[in-house]
Structure formats: structure tokens, C-alpha cells
1. Send over a whole-number figure in Å² for the accessible area per residue of the stretch 34-117, probe 1.4 Å.
2. Please give the FRET efficiency for Asn249 paired with Gln227, using the beta carbon to beta carbon distance and R0 = 22 Å, rounded to the nearest 0.05.
3. Go through the stretch 100-106 residue by residue and turn each phi into a ³J(HN,Hα) via Karplus (6.51, -1.76, 1.60, θ = phi - 60°); whole Hz please, and just put x for glycine and proline.
4. Among 56-64, 271-279, 162-170, how do they line up by average Cβ neighbours within 10 Å per residue, starting with the highest?
5. Quick check on packing: order 2-14, 177-189 by the mean number of other C-beta atoms within 10 Å, highest mean leading.
6. So, in nm, how far is label Met356 from label Leu2 when the simple model puts each one 7 Å beyond its Cα toward the Cβ?
7. For the stretch 291-388, report the accessible area per residue in Å² (1.4 Å probe, heavy atoms, rounded to an integer).
8. What helices does the chain hold that run 30 Å or longer along their axis, going by alpha-carbon atoms, with a Kyte-Doolittle average of -1.0 or more, using DSSP H for the helix calls?
Amino acid sequence: MLQTNHPLEETVGIRYFITDTPGIGGRLKQEYADFQVSEVGVEKQADPEGDYTHFTLEKTNWDTIRAISALSRAVGVSRKRFGFAGTKDKRAVTRQRMAVWNVPPARLESARVKDIRLYDFTQSSERILVGDLIGNTFEITVREPQIVDKTVIEACRDQIHLKGIPNYFGYQRFGVQRPNTHVVGRKIVEGDIEGAVMSYLADYYPGERDDARDARRSLKETGDFKQALTDFPKRLGYERTMLDHLYKNPSDFAGALRRFHKKLRQLLVHGYQSYLFNLTLSQMIDEEFEISGVDIPLFGYASRFTEARQGEIERDVLESAGLDFHSFKIASMPELSPRGGYRTASLETEISYETMDENTLKFKFFLPKGNYATMIMREFMKTDPVNY
């Protein structure tokens, strides 16, 4: 077991490595094709007379929700007609099944969206819903590693197989350049909707581009939503959507937040649940718990503490945050109130790798849904999270 020395990991509650081998270093995602994700979904029954067209969406450098919005515009229908099993990484080449209601394959085939390809069309009477997912297969390229010694790599892999992989929520859940999803989520849980909105808009971080950081700083200082619409770069579409609403309705912070798709708002609250989970898991690793086969609560209004020492750790984490289970009943936005659930503390998977050349390694493995490939790669690489 090693303790992290990377501030970002500490910020999001990821405090330990389960392995004690030297890190091989290197960088991920130097090219989009370096990170490839192929969905393994729940099989749906084909029906030539069905109302739903199923297809594979292959996208490069698109997040899933933005890709659906672009595709819905290209075919001229509401994005609400589209269904998918799970979101996929943005900075990657990803493949996933989609379903759309009452849009024929020919219309989809004629759609032209940059860096999006649609193929493998079938008809079905079944929708594809969030959760209709078994997992994902990953092919990940590590470029410029400092160590390519197979003895080190295989020693790390052996420790992973023996101890399990800590099932932390990865950086994508919180943000790398701007790790504040859980900060916004906490304010929502606390009922501070204005604080949540202003944190999302105006908190700035060193990893951001200068123009974004300057725009956020100015808004924090002035509270001028009209000027912020001029200052905020066009690429910050979510922020600009909020700002447009606040310019027209300066005190309606709940309305500004509701300009987000419900799933995105839920992700903010889930980001805070994820942070609390990471803190709990970190403390268990620090106390040398056997984490294989153990579940940890995702705190919600219907949660219960685990028995024995694990439950004491959970209670300490929640009380240190000034919360109890009832806190997750969000009166100002009841539709975001999480009931709670569980997440396994560790992962097991078969990991293969090959040396492409002295400057390149490729890793392959499968993960069940909801798990993060970067949490496997960090055990091998042990480098600054900006390299993931």
C-alpha cells in the first residue's frame, strides 16, 4: 500500500494505491485512439416491425449527451427520442448501442456529424434504457513510459489479482481540469441552490484555460450575468445556458440549474456521493481492511450504516461532513434526492498487456458497468492524474 502524493487525488478522496510497485509513468490519451471503449450491452430482441431503430454510435472526442444532441439536430427530432445504456468517455474513441423511436435507418444513415459514425442498424420493439449495460472492454495505450520492464508490470498485476483493485470513483466523475462536481453536489444536498449555481459558474481552477478562468473570476467579483455572457467562451455551453437564464431571471437559481438535463443534475449530486464513497474506501485501505467482496454504501436518505468497524468509518465520514441520512432529502429539488445504494469496494478482472515498442505499451481488460479504467491504470502508472 502506498499513499498518493498528488493533490488532485487528495481533493477527490482517492488517497491510496493498493500496490507498492514502482510506477511505470507515461501518458494516456495522447491521441483519441489511445483510449478505446467498446460497450457490452444487454441483448435486445430484434423485431422487423418494431418502432425503435437500434444502431451503434461510434464517436471520437464527444461526450455522450452532447453527441445525442448533435445527432438529434441532424435528423430533426427531439433528443428525448434517443435512448442509451450509459455515458462514455469524451477524449476517446467509443462504441455504444443506441435506440431512437420512429426514425428509420435511412434517415440516420444520411446524418452527417463530424467525428460521429452510425452503423449496424436493426429494428426492435424494445427501448434501450440507462442501465441496459453489462460493461465495457478497454484498449488503452500508454505512451512514453519510464519503465517497460515486464517484471515490474507483472508484479503490479499480481498484486492487483491478489488484493483486488480499489473501486474508487475516478477523476472523470469530478473533473480533472476543474474538479468541482462534488463541490456543486454538496451545495445541492445542503439546499444551497444559489451557491451550487455560482460554484459551477464562478469557481476557477489553475488547470483551466486563461479565458475561462478570467471569465469566472470576473463573474465571482461582479455577479454581472449580462457581462458574463460576453466573457464566457462559446465552448462553455452548459455555463452559457445557465447564464442566459440568469440574465433574464437574475434570482431564479433553481431555474438556471433546471436548464440542465435531469441526468446531468443527478450527476452533480452523485458526484458528492462518490466523494464520500472514496473517503470511506480510503480510510478502509488505510486501516488494511480486506476489501474484496465488501460493499460500501452510497449515502442517501434510505441508507444504513454497515456493522462493526466499517460502519464506524462510514459514520465518521458522514458526520465529518456535517450530514446525516436525512440530509439527502433535498427539499428545494426533490427530484434529485438520492435514495442511496451500494458499490463494491474492489474489482477483479483479467489484464493483458503488450509492448508495442520501447515507448508504447497497450493494456486490455473488461470492466463491469460503472467502473473506471483509469483506476486500474493508476496502479500501474502512479503518475500525476493530468497524465491519465
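The values are calculated or read from the model by the stated rules, or taken from the named source; none is laboratory data. As the structure is a computational prediction, the values presented were derived from the model and not from experiment. Reconstructed Cβ throughout: ideal geometry from the backbone, glycine too, with neighbour counts over all protein chains shown. When the accessible area is computed, the model is the full protein with side chains, heavy atoms only, and any ligands, DNA or RNA have been set aside. Shrake-Rupley method; radii C 1.70, N 1.55, O 1.52, S 1.80 Å.
1. About 49 Å² of surface per residue is accessible.
2. 0.85
3. 9, 7, 6, 10, x, x, 4
4. 271-279, 162-170, 56-64
5. Highest-to-lowest ranking by the protection proxy: 177-189, 2-14.
6. For Met356 paired with Leu2, the spin-label model returns 2.4 nm.
7. 47
8. 262-286
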